[in-house]
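Structure, as structure tokens:
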Amino acid sequence: MGDVLSALYPWTKAIHIMAVISWMAGLFYLPRLFVHHVEQGPDVAGLGSVFAMMEEKLLKMIMNPAMITTWLFGLALVFTPGIVDWGLAWPWVKAGGVLAMSWFHFWLAGQRRLLLAGRATLSGRRYRLMNEVPTVLMVVIVVAVVLRF
């Protein structure tokens with residue numbers, strides 16, 4: 001199995017990077033949609049349902065598949081011989097960052113359900129602040145992987 005993973009390493013890494021980019025795009029955009037949903041959705045008839053449709057499509061058609069692909073190909077990289085040295089700090093930092101990013105993804109999905117049910121309690125300002133979470137996590141993950149400390 002290790003030989004197959006080693007032979008496929010460049011493809012595995014490329015697909016992993018593309019999936020991460022797609023996932024991150026959604027993690028950056030969905031909270032912005034929430035900002036507009038709570039700030040402008042109630043003011044214009046039918047606009048709330050437009051935001052709800054956009055949020056659903058982003059989450060189900062882009063973010064969920066991208067997150068799953070990121071995880072699958074990331075795990076394939078972990079099991080590729082010679083790629084990860086668990087004696088160093090960086091894989092642990094990256095793993096923690098990815099777990100936190102996944103938690104944020106599911107938090108966003110929960111917020112979407114609250115918005116649909118009319119039970120969202122966060123303001124546009126709060127969603128703007130939460131929009132910074134994936135940026136901070138991305139910086140931590142990229143620095144850990146590139147510097148390999």
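Side notes on the structure shown:
- Contact annotation: residue pairs with Cβ atoms under 7 Å, 6 or more positions apart or on different chains, pairing a residue in the stretch 15-27 that is farther than 22 Å from TYR127 by Cα with a partner that is of a type in the set (A, V, I, L, M), are HIS16/LEU77; ALA19/ALA66.
- Odd one out for THR69 among (1) at pLDDT below 95; (2) surrounded by 15 or more Cβ atoms within 10 Å (Cβ to Cβ): (1)
- Test for VAL44: is it assigned to a loop (DSSP other than H, G, I, E, B), aliphatic (A, V, I, L, M), over 18 Å from PRO134 (Cα atoms) and out of contact with any Leu (no Cβ under 8 Å at 6 or more places or on another chain): yes
- When the stretch 123-144 is filtered for residues that are under 13 Å from ARG32 (Cα atoms) and of a type outside the set (Gly, Ala, Ser), the ones remaining, listed by number, are ARG125, ARG126, TYR127, ARG128, LEU129, MET130, ASN131, GLU132, VAL133, PRO134.
- Output for the stretch 102-119, where each listed residue is aliphatic (A, V, I, L, M), under 11 Å from HIS37 (Cα atoms) and buried (at least 17 other Cβ atoms within 10 Å of the Cβ): LEU115
- Filtering the stretch 133-143 to residues that are touching a Gly at 6+ places or on another chain (Cβ under 8 Å) and buried (at least 18 other Cβ atoms within 10 Å of the Cβ) leaves LEU137, ILE141.
- Which numbered condition GLY26 fails, given (1) part of a loop (DSSP other than H, G, I, E, B); (2) within 20 Å of ILE141 (Cα to Cα); (3) touching a Leu at 6+ places or on another chain (Cβ under 8 Å); (4) not hydroxyl-bearing (Ser, Thr, Tyr): (1)
Residues checked against (1) farther than 20 Å from ALA14 by Cα; (2) in contact with a Gly (Cβ under 9 Å, 6 or more places away or on another chain); (3) touching a residue at least 24 places away in the same chain (Cβ under 8 Å):
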site: VAL38; (1), (2), (3): yes, yes, yes
site: GLY41; (1), (2), (3): yes, yes, no
site: PHE79; (1), (2), (3): no, yes, yes
site: ILE83; (1), (2), (3): no, no, yes
site: TRP92; (1), (2), (3): yes, no, no
site: TRP107; (1), (2), (3): yes, no, no
site: ARG126; (1), (2), (3): yes, no, no
site: ASN131; (1), (2), (3): yes, no, yes
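- Residue match in the stretch 55-64 (condition: touching a Lys or Arg at 6+ places or on another chain (Cβ under 7 Å), more than 28 Å from HIS37 (Cβ to Cβ) and surrounded by 15 or more Cβ atoms within 10 Å (Cβ to Cβ)): no
- Every condition in (1) under 20 Å from GLY96 (Cα atoms); (2) buried (at least 19 other Cβ atoms within 10 Å of the Cβ); (3) in contact with a Phe, Trp or Tyr (Cβ under 9 Å, 6 or more places away or on another chain); (4) aromatic (Phe, Trp, Tyr) is met by PHE34 except one, and the failing one is (1).
The values are calculated or read from the model by the stated rules, or taken from the named source; none is laboratory data. The structure presented is a predicted model; accordingly, all values stated were derived computationally and were not measured. Using ideal geometry, Cβ is built from the backbone for each residue, glycine included, and neighbour counts are taken over all protein chains shown.
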